[in-house]
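Participant: Questions regarding the structure given below will be posed in turn.
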Amino acid sequence: MQKNEILLADADICVKCGLCLPHCPTYSKTQNENESPRGRIALIQAWAGDHLDTSEKLLEHIDNCLLCRSCERVCPALVPYGRLIDNFRAQVYLPSEVSSSLSLLKKIAHNKKLNRLAESGLRFYQSTPLQKTARLLKLPKLLGLDKLDRLLPESVYLEAVSTGGNRVIQEVKGNVGLFIGCMGSLLDHETVNAAIRVLTAAGFNVHVPERQTCCGALDLHDGDIATAEDLASANCSAFADQPLDAIVTIASGCGSQLKEYEQTEFAGKVVDISQFLIESSVDLSEQLAPLTGSVCLHTPCSLKNVMREEKGALKLLQQIPGITITALPETIQCCGSAGTYMVEHPLMAAALLNDVLNAALESQPAYLLSSNIGCALHIAAGLRGRGIALEVIHPVVLIARQLKQ
Ligand code: SF4
Ligand code: SF4
């Protein structure tokens, strides 16, 4: 099938019913049909049928999509919206047009040596007065990196990643592989170590393959299908060394990409960590210290709309004695993080984040919890911008902190 025919085959499934419109964050904010799923599908349909030229305006409407896939979840005709957008972007992809922020992120994500170098640089940047001085002198802005710099926490938790749990497992329930993700290995060692500790406490041997690499989401959603496929092959081979019951993820942005790998044996084993523990009938309640006070649970779009595993985190957190959990109302849409969207579309990302923060702060939570590092960084930056000291952590970090031993 020709490439345009593939696009048309997917776009033609849309019956233009409009049921997806109220669920689309960009349509909700703009009330513009071209900023809706139905509008974007119609634009791609016209382009693929040679009725519309490739124009800046057309690309802008497609680029403004968060790929949150809320539309796909509610579509009665089952339009494969994510695939349609990725395939369209692959056809109009121009490597030379990648922004400096995205290009830097991709280099760090793909190259382990560069990732480690960035980690050491970050440690130095934050453990000396360098970060404060650079910000005072507005250096990040001069270097075009201010949007990335604002996402950095005041201090990144960079404890060494442990390669296994400290406990002796009495009764081994199974073997799991842990997918860390490039941002997890760079910015979020606490979640990585918490995942290993909790999985071990639950009775699982945890394997963290050294050869794993970036999931490829940044590349796929930017139209670079060839690089995304290379990364997928590298990950499948990295996790093939051990017989594993599951490949557990701690960032739903990565998990949603891994679940859609064409290598079905690998994809079929991918599961969000909270969902995995619940599906494995793990009950940690007797091992957890009580927590008084409330927490607010944010559910990332990738966990809800792509992985479709949003129930796990709530059920796992309910095992903490005394906890009160407030979920964000159904009316709250995407937080605006969406991979690199928060860096490339700061105005829309900020407008969506405002809604999330306003709703989240209503219950005056002691913690804000999110299962995706991109969302957590974006939400934490928004809280810092408002001068609010509220920790944003992964649900499994809270579980690990409450473990009695
Ligand atoms: S994408 Fe689905 S829900 Fe939206 S207009 Fe088309 S058929 Fe209807
Ligand atoms: S993926 Fe999200 S932002 Fe894009 S059209 Fe669908 S609902 Fe709207």
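The values are calculated or read from the model by the stated rules, or taken from the named source; none is laboratory data. Bear in mind the structure is a predicted one, so any value in this text is a computation, not a measurement. Don't worry about glycine lacking a Cβ; one is built from the backbone with ideal geometry, like all the others, and counts go over all protein chains shown.
Participant: Please specify each residue of segment 60-78 satisfying the condition of being within 10 Å of ligand 1 (Cβ to nearest atom), hydrophobic (A, V, I, L, M, F, W, C), surrounded by fewer than 22 Cβ atoms within 10 Å (Cβ to Cβ) and assigned to a helix (DSSP H, G or I).
Facilitator: Within segment 60-78, just Val74 meets the criteria.
Participant: Only one of these conditions is not met by Arg401: (1) under 12 Å from Arg197 (Cβ atoms); (2) buried (at least 18 other Cβ atoms within 10 Å of the Cβ). Which number is it?
Facilitator: With (1) under 12 Å from Arg197 (Cβ atoms); (2) buried (at least 18 other Cβ atoms within 10 Å of the Cβ) applied to Arg401, the lone miss is (2).
Participant: Name the residue, out of Ile325, Ile399, that is under 20 Å from Ser274 (Cβ atoms), of a type in the set (Val, Ile, Thr) and touching a residue at least 40 places away in the same chain (Cβ under 8 Å). Reasoning before the result, please.
Facilitator: Values: Ile325 fails: touching a residue at least 40 places away in the same chain (Cβ under 8 Å).
Of Ile325, Ile399, the one residue that is under 20 Å from Ser274 (Cβ atoms), of a type in the set (Val, Ile, Thr) and touching a residue at least 40 places away in the same chain (Cβ under 8 Å) is Ile399.
Participant: Looking at Cys24, Cys17, which is the one that is more than 11 Å from ligand 2 (Cβ to nearest atom) and within 25 Å of Glu330 (Cα to Cα)?
Facilitator: Cys17
Participant: I'd like the full set of residues that are without any contact (Cβ under 8 Å) to a residue 24 or more places away in the chain and hydrophobic (A, V, I, L, M, F, W, C), limited to segment 264-306.
Facilitator: Matches in segment 264-306: Ala267 only.
Participant: Out of Ala338, Ala349, Ala359, which single residue is among the aliphatic types (A, V, I, L, M), under 25 Å from Gln275 (Cβ atoms) and free of Cβ contacts under 8 Å to residues at least 40 places away in the same chain?
Facilitator: Within the list Ala338, Ala349, Ala359, the selection yields Ala359.
Each row is one residue, and each column tells you yes or no for (1) surrounded by fewer than 15 Cβ atoms within 10 Å (Cβ to Cβ); (2) touching a residue at least 40 places away in the same chain (Cβ under 8 Å); (3) more than 9 Å from ligand 1 (Cβ to nearest atom).
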| position | (1), (2), (3) |
| --- | --- |
| Cys17 | yes, yes, no |
| Thr26 | no, yes, yes |
| Glu33 | no, no, yes |
| Arg38 | no, no, no |
| Leu43 | no, no, yes |
| Ala46 | yes, no, yes |
| Ser55 | yes, no, yes |
| Leu58 | no, no, yes |
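Participant: Does Ile278 satisfy the criteria of being over 23 Å from Arg197 (Cβ atoms) and not hydroxyl-bearing (Ser, Thr, Tyr)?
Facilitator: In short, no.
Participant: Of the conditions (1) under 20 Å from Ser256 (Cα atoms); (2) near ligand 2 (Cβ under 10 Å from one of its atoms); (3) crowded, with 22+ Cβ neighbours inside 10 Å, Phe88 clears all except one; give me its number.
Facilitator: If we test Phe88 against (1) under 20 Å from Ser256 (Cα atoms); (2) near ligand 2 (Cβ under 10 Å from one of its atoms); (3) crowded, with 22+ Cβ neighbours inside 10 Å, just (2) comes out false.
Participant: Being closer than 20 Å to Arg83 by Cα and either touching a residue at least 40 places away in the same chain (Cβ under 8 Å) or part of a loop (DSSP other than H, G, I, E, B) (or both) narrows it down to one residue among Thr191, Thr213, Thr227; which is it?
Facilitator: Numbers: Thr191 fails: closer than 20 Å to Arg83 by Cα; Thr213 fails: closer than 20 Å to Arg83 by Cα.
Within the list Thr191, Thr213, Thr227, the selection yields Thr227.
Participant: Within segment 1-15, count every residue that is part of a loop (DSSP other than H, G, I, E, B) and crowded, with 19+ Cβ neighbours inside 10 Å.
Facilitator: Count: 1.
Participant: Here is a follow-up. So if I check each of Ala251, Ala228, Ala267, which one is at negative phi, within 19 Å of the chain's Cα centre (by Cα) and modelled with pLDDT under 95?
Facilitator: That would be Ala228, the only listed residue that is at negative phi, within 19 Å of the chain's Cα centre (by Cα) and modelled with pLDDT under 95.
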